[in-house]
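Read through the structure below, which is laid out as structure tokens, and then see the notes.
The values are calculated or read from the model by the stated rules, or taken from the named source; none is laboratory data. Note that the coordinates shown come from a computational prediction; the quantities given were computed from them, not determined experimentally. Counting neighbours? That spans all protein chains shown, and the Cβs are built from the backbone with ideal geometry, glycine included.
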Amino acid sequence: MSCYNDFLEFASELTKFKSLIGLDLGTKTIGIAVSDTLWTVATPRETIKRKKFGIDCDALQTVFNSTDTGGIILGLPMNMDGSEGPRCQATRAFARNLSSRCDIPITFWDERLSSVAAERAMLEADMSRAKRADNIDHVAASFILQGALDRIGNIL
């Protein structure tokens, strides 16, 4: 498969009744969220510690297989002014490498403020600082995925 910069083109490639996966790619961790098969709700799943690309890819492939994944939404860390910096370039490179190892369509979603929203939600849930640190990445992934699910719901 390939990476899609055009979200509409990505949405047209999706297979109905397969889960979508949201990824919050960090330098040390990858937060993972999964949708239901009707593409309405994003649920935080887990955070994996990054090691090497091959090991990270194997860990992700295990998740993809266990959830019957039909598409991947990768958070794109845009600058607040809308420009793309080095982290966006690294995310796009990760997506290109991942697409060569799995046959699942991949697209990007502007993740600006997703971590802020995740932190706020966990504060409202009265989570301890330690628990917030353990959960921030996959909760942020669920905000990324939910934004994409809402967009898909409006175009399909």
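Every condition in (1) farther than 16 Å from residue 64 by Cα; (2) modelled with pLDDT of 70 or more; (3) surrounded by fewer than 21 Cβ atoms within 10 Å (Cβ to Cβ); (4) not charged (D, E, K, R) is met by residue 108 except one, and the failing one is (3).
Taking the stated definitions as given, is residue 87 assigned to a helix (DSSP H, G or I), surrounded by 13 or more Cβ atoms within 10 Å (Cβ to Cβ) and not acidic (Asp, Glu)?
Details: assigned to a helix (DSSP H, G or I): yes; surrounded by 13 or more Cβ atoms within 10 Å (Cβ to Cβ): yes; not acidic (Asp, Glu): yes.
It is true that residue 87 is assigned to a helix (DSSP H, G or I), surrounded by 13 or more Cβ atoms within 10 Å (Cβ to Cβ) and not acidic (Asp, Glu).
For beta carbons closer than 6 Å, sequence separation of 6+ or different chains, a first residue in segment 58-84 that is in a loop (DSSP other than H, G, I, E, B) and a second that is surrounded by fewer than 21 Cβ atoms within 10 Å (Cβ to Cβ) and charged (D, E, K, R), the qualifying pairs are 68/18; 77/87; 78/110; 78/112.
The set of residues in segment 55-77 that are of a type in the set (A, V, I, L, M) and surrounded by fewer than 18 Cβ atoms within 10 Å (Cβ to Cβ) comprises 55, 59.
Close Cβ contacts (under 7 Å, 6 or more residues apart or on different chains) running from residues in segment 86-105 that are closer than 14 Å to residue 71 by Cα to residues that are of a type in the set (Ser, Thr, Tyr) and not in a loop (DSSP other than H, G, I, E, B) comprise 104/69; 105/4. Within segment 68-88, the residues that satisfy the criterion of being modelled with pLDDT under 95 and of a type in the set (S, T, N, Q) are 79, 83. Restricted to segment 75-100, and to residues there that are farther than 16 Å from residue 54 by Cβ and among the basic types (Lys, Arg), the residue that is farthest from the chain's Cα centre (by Cα) is 87.
Looking only at residues in segment 4-54 that are assigned to a helix (DSSP H, G or I) and of a type outside the set (S, T, N, Q), which one is surrounded by the fewest Cβ atoms within 10 Å (Cβ to Cβ)? Give the steps one after another, and end with the answer.
Taking segment 4-54 and keeping what is assigned to a helix (DSSP H, G or I), we get 7-13, 53-54.
Pick out the ones that are also of a type outside the set (S, T, N, Q) and you get 7-11, 13, 53-54.
Details: 7: 16, 8: 12, 9: 12, 10: 22, 11: 18, 13: 15, 53: 13, 54: 10.
Across segment 4-54, the extreme among qualifying residues is 54.
One residue is enough: does segment 127-140 have a residue meeting the conditions over 11 Å from the mean Cα position of the chain (by Cα), modelled with pLDDT of 90 or more and part of a helix (DSSP H, G or I)? Checked segment 127-140: no residue is over 11 Å from the mean Cα position of the chain (by Cα), modelled with pLDDT of 90 or more and part of a helix (DSSP H, G or I).
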